[in-house]
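The block underneath contains the structure these notes are about, expressed in structure tokens.
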Amino acid sequence: MMLIFLVVQACLWSHASSLVAAAADRGVQAASVDGGSLSSGVGEARAELSQDAGHEVVSPAVRAILLPGEVVEVSVSGTAESLIPGLHLQVSAVRSEPKQEFRDSG
């Protein structure tokens with residue numbers, strides 16, 4: 001029975017990891033587009049988590065920063081839902097992209 005719980009727990013962790021990665025992708029896209037902001041990136045990542053990862057990611061945290069060279073970095077982390085008491089598997093994803101801006105040619 002414990003083996004079945006461990007296999008199911010591994011699947012829950014994998015799914016939570018995918019959801020966190022998708023939220024980081026959405027957040028960095030929103031923050032790096034022309035006219036986007038760090039707060040819009042954080043908001044989009046949180047919206048993705050609340051829409052798709054309601055119970056699968058526990059205590060999610062989202063952070064967005066602007067790195068040197070106008071590179072936006074969004075990190076999302078949390079804990080995967082657990083079937084086994086006392087087991088807290090962390091999930092996280094970090095995505096970065098250059099800040100996009102429109103420039104006149106000439």
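All of the numbers you see were taken from the coordinates with simple rules; none came from a lab. For clarity, every value in this text was computed on a predicted model and none was experimentally measured. Positions of Cβ are backbone-derived with ideal geometry, glycine not excepted, and every protein chain shown enters the neighbour counts.
Against the condition over 16 Å from HIS15 (Cβ atoms) and either among the polar types (S, T, N, Q) or out of contact with any Lys or Arg (no Cβ under 7 Å at 6 or more places or on another chain) (or both), how does GLY36 come out, does it pass? Answer is yes for this residue. Filtering region 18-73 to residues that are of a type in the set (D, E, K, R), in contact (Cβ under 8 Å) with a residue 40 or more places away in the chain and surrounded by fewer than 18 Cβ atoms within 10 Å (Cβ to Cβ) leaves only ASP34.
Restricting attention to region 5-17 and to residues that are touching a residue at least 60 places away in the same chain (Cβ under 8 Å) and either hydrophobic (A, V, I, L, M, F, W, C) or in contact with a strand residue (DSSP E or B) (Cβ under 7 Å, 6 or more places away or on another chain) (or both), the residue that is surrounded by the most Cβ atoms within 10 Å (Cβ to Cβ) turns out to be ALA16. GLY78 falls short on exactly one of the conditions (1) free of Cβ contacts under 8 Å to residues at least 24 places away in the same chain; (2) surrounded by 13 or more Cβ atoms within 10 Å (Cβ to Cβ), and that condition is (1). Can you pull out the residues in region 81-106 that are farther than 25 Å from ASP52 by Cβ and loosely packed, with under 13 Cβ neighbours inside 10 Å? Result: PRO85, GLY86, PRO98, GLU101, PHE102, ARG103, ASP104, SER105, GLY106.
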